[in-house]
2 protein chains.
Amino acid sequence: MIIIVTGMPGSGKSKIVKEFERRGFPSVSMGDIVREETVKRGLELTKENVAKVSIRLRQELGQNAVAKLAVEKVRALLKNSGVAVIDGVRSLDEVGTFRGAFPDERIVIVAVHTPPKQRFERLRARGRHDDPKTWEDFEERDWKELRFGIGGVIAMADYMIINDGSREEYEKKVGEIVELILTSNPGRA
Amino acid sequence: MIIIVTGMPGSGKSKIVKEFERRGFPSVSMGDIVREETVKRGLELTKENVAKVSIRLRQELGQNAVAKLAVEKVRALLKNSGVAVIDGVRSLDEVGTFRGAFPDERIVIVAVHTPPKQRFERLRARGRHDDPKTWEDFEERDWKELRFGIGGVIAMADYMIINDGSREEYEKKVGEIVELILTSNPGRA
């Protein structure tokens with residue numbers, strides 16, 4: 001089973017990925033793949049260099065470059081535990097790349113939704129160096145994701161979690177959904 | 001307040017629109033606008049003619065043709081009750097058209113999410129003449145919506161309702177959310 005975890009920036013996506021990891025199912029991060037490629041090309045890990053490599057990869061390998069580079073990592077996870085969690089899929093085209101590479105594997109999309117205003121407040125409070133400080137920054141970052149087509153992945157989710165309440169409520173929901181998915185198709189953690 | 005109701009085919013979108021109408025807030029249907037234009041142009045109301053007029057409208061008035069035609073109807077509803085519900089918005093570009101036409105009006109997006117397999121089962125059971133009979137028909141219809149960019153509208157929803165349980169559960173949730181929205185900004189129904 002391939003589990004694709006998706007959600008807009010600041011929605012709480014990483015909590016879902018971490019819950020799978022806590023239960024013994026590691027993930028492949030699409031963002032890490034671009035960062036690894038940046039290092040491989042002898043570039044410093046700055047926001048600008050990562051963006052540059054992300055564009056170059058797409059010129060070299062096509063729109064689904066990152067998904068293509070993820071395939072071998074996904075294959076290794078599937079071989080190991082029967083479950084591969086993928087963090088950071090941004091378009092249904094990328095989902096199609098995984099579908100094509102693993103035609104017999106069940107693919108499940110898990111999305112988390114948080115209303116934009118709450119995502120903005122959370123990202124601003126988090127204050128990671130690349131997090132938005134203003135509403136304009138926030139909208140620009142959202143648009144970057146939306147242009148890739150992340151909305152399509154969210155719209156086609158098999159499981160949707162709403163994260164608009166307390167952290168405890170959300171953690172409870174995540175635990176329940178992860179349990180439900182793993183029970184429907186248990187791996188070998 | 002402008003309330004944009006969105007959701008994939010078979011998700012349960014019309015239930016939300018009907019709940020607003022039941023409380024005295026009529027809606028503007030983007031689909032009806034295209035059907036009215038089809039009749040105005042002396043064409044019979046067939047699926048093919050409606051699709052043709054939909055394409056022609058976009059050639060004549062641009063990608064947001066239907067939203068542009070909806071603006072006057074929205075203005076009339078706002079004048080009448082202070083609330084305009086819009087059914088069938090398919091892209092953030094269309095949302096932008098309403099934002100541009102009503103810069104001082106609060107705009108709220110309400111989305112409903114149902115997992116694809118459940119939507120397919122519901123649409124097949126409904127069996128309206130244009131409802132999908134096979135999974136391939138279903139995917140094709142989904143793609144039509146996704147190409148317009150409906151995923152972006154769903155991803156940016158201020159209120160998200162999950163409709164994956166019983167009809168009664170869903171009706172209860174819809175009632176609560178509609179109440180919440182109207183209380184946050186009461187109209188004059």
Inset, instruction - Just report the Cα centroid separation between the range B:127-189 and the range A:34-53, whole Å. - result: 40
Inset, instruction - Take every residue in peptide A:155-166, count the Cβ atoms of other chains within 10 Å of its Cβ, and give the average of those counts. - result: 5
Inset, instruction - Considering only chain A, pick the residue with its Cβ nearest the axis of the rotation onto chain B, and state the distance in whole Å. - result: A:Gly151, 1
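Can you give the relative contact order of chain B as a percent, counting alpha carbon pairs under 8 Å and 6+ residues apart? It would help to have the intermediate numbers written out before the result.
Values: 259 pairs, mean separation 65.9, N = 189.
35 percent.
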Inset, instruction - Using the Karplus curve 6.51 cos²θ - 1.76 cosθ + 1.60 with θ = phi - 60°, work out ³J(HN,Hα) for each residue of the range A:107-112 in order, rounded to whole Hz, and write x for Gly and Pro. - result: 10, 10, 9, 10, 10, 10
Inset, instruction - Report, by chain and number, residues whose modeled amide H sits under 5 Å from the one on A:Ile109, excluding near sequence neighbours (fewer than 5 apart, same chain). - result: A:Ile4, A:Asp158, A:Tyr159
Legend entry - Ascending list, in nanometres, of distances separating the B:Glu176 label from those of the other copies (7 Å, Cα toward Cβ): 1.1
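Send over a whole-number figure in Å² for the accessible area per residue of chain B, probe 1.4 Å.
Result: 49 Å² of accessible area for each residue.
Please compute the Kirkwood hydrodynamic radius over the range A:85-126, one decimal place, Å, based on all pairs of different Cα atoms. Intermediate values should be presented prior to the final figure.
Working: mean 1/r = 0.0791 Å⁻¹.
Value: 12.6 Å, from the Cα pair sum.
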Legend entry - Among A:Ala157, A:Ser184, A:Phe102 - extreme Cα towards positive end, dipole of the range A:64-189, charges at beta-carbon: A:Phe102
Inset, instruction - Have a look at the range B:139-154 and report residues whose accessible surface goes down by 10 Å² or more when the remaining protein chains are included, against the chain on its own, probe 1.4 Å, ligands and DNA/RNA excluded. - result: B:Asp142, B:Trp143, B:Leu146, B:Gly151, B:Gly152, B:Ile154
Inset, instruction - Just the number, please: buried accessible area between B and A, total of both chains, 1.4 angstrom probe, nearest 100 square angstrom. - result: 1600
Inset, instruction - List the distances, in nm and shortest first, from the label point of A:Trp143 to the matching label points in every other copy, placing each point 7 Å from Cα along the Cα-to-Cβ direction. - result: 2.9
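Is the protein assembly as shown best put as rounded, prolate or oblate by its Cα gyration tensor, with a ≥ b ≥ c the root eigenvalues, rounded for a/c under 1.5, and otherwise prolate when a/b is larger than b/c, oblate when not? Spell out each step's value before the answer.
On the way: a/c = 1.59, a/b = 1.57, b/c = 1.02.
It comes out prolate by the Cα gyration axes.
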Legend entry - Nearest-first distances (nm) between copies at B:Ala51, label 7 Å from Cα via Cβ: 4.1
Inset, instruction - Report, by chain and number, residues whose modeled amide H sits under 5 Å from the one on B:Ile162, excluding near sequence neighbours (fewer than 5 apart, same chain). - result: B:His113
Inset, instruction - Treating cross-link reach as a plain straight distance, find the lysines whose alpha-carbon is under 18 Å from the alpha-carbon of B:Lys13, omitting any fewer than eight places away in the same chain. - result: B:Lys117, B:Lys144, B:Lys172, B:Lys173
Inset, instruction - Please list the non-local residues whose amide H lies under 5 Å from the amide H of A:Val28, H modeled 1.01 Å from N, same-chain partners needing a gap of 5 or more. - result: A:Val85, A:Ile86, A:Asp87
Inset, instruction - Can you spot the lysines whose alpha carbon is less than 19 Å from B:Lys73's alpha carbon? Ignore those fewer than 8 places along the same chain. - result: B:Lys18, B:Lys40
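Which value, in debye to the nearest 20, gives the size of the charge dipole of the range B:1-123 about its Cα centre, when Lys and Arg are +1 and Asp and Glu are -1 at the Cβ?
Numbers: 22 positive and 15 negative charges, 50 e Å.
The dipole magnitude comes to about 240 debye.
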Inset, instruction - Just need the relative contact order of the range A:62-146 here, percent rounded to a whole number, with Cα pairs under 8 Å and 6+ apart. - result: 19
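Tell me, rounded to the nearest percent, the portion of alpha carbon pairs in chain B spaced more than 26 Å apart.
On the way: 5565 of 17766 pairs.
Of the Cα pairs, 31 percent sit more than 26 Å apart.
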Legend entry - Test item: Cα-centred dipole of the protein assembly as shown, Lys/Arg +1 and Asp/Glu -1 on Cβ, debye: 160
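The values are calculated or read from the model by the stated rules, or taken from the named source; none is laboratory data. Only a predicted model underlies this, so the values are computations on that prediction, with no experimental measurement involved. Note that we place each Cβ from the backbone using ideal geometry, even for glycine, and neighbour counts take in every protein chain shown. When the accessible area is computed, the model is the full protein with side chains, heavy atoms only, and any ligands, DNA or RNA have been set aside. Shrake-Rupley method; radii C 1.70, N 1.55, O 1.52, S 1.80 Å.
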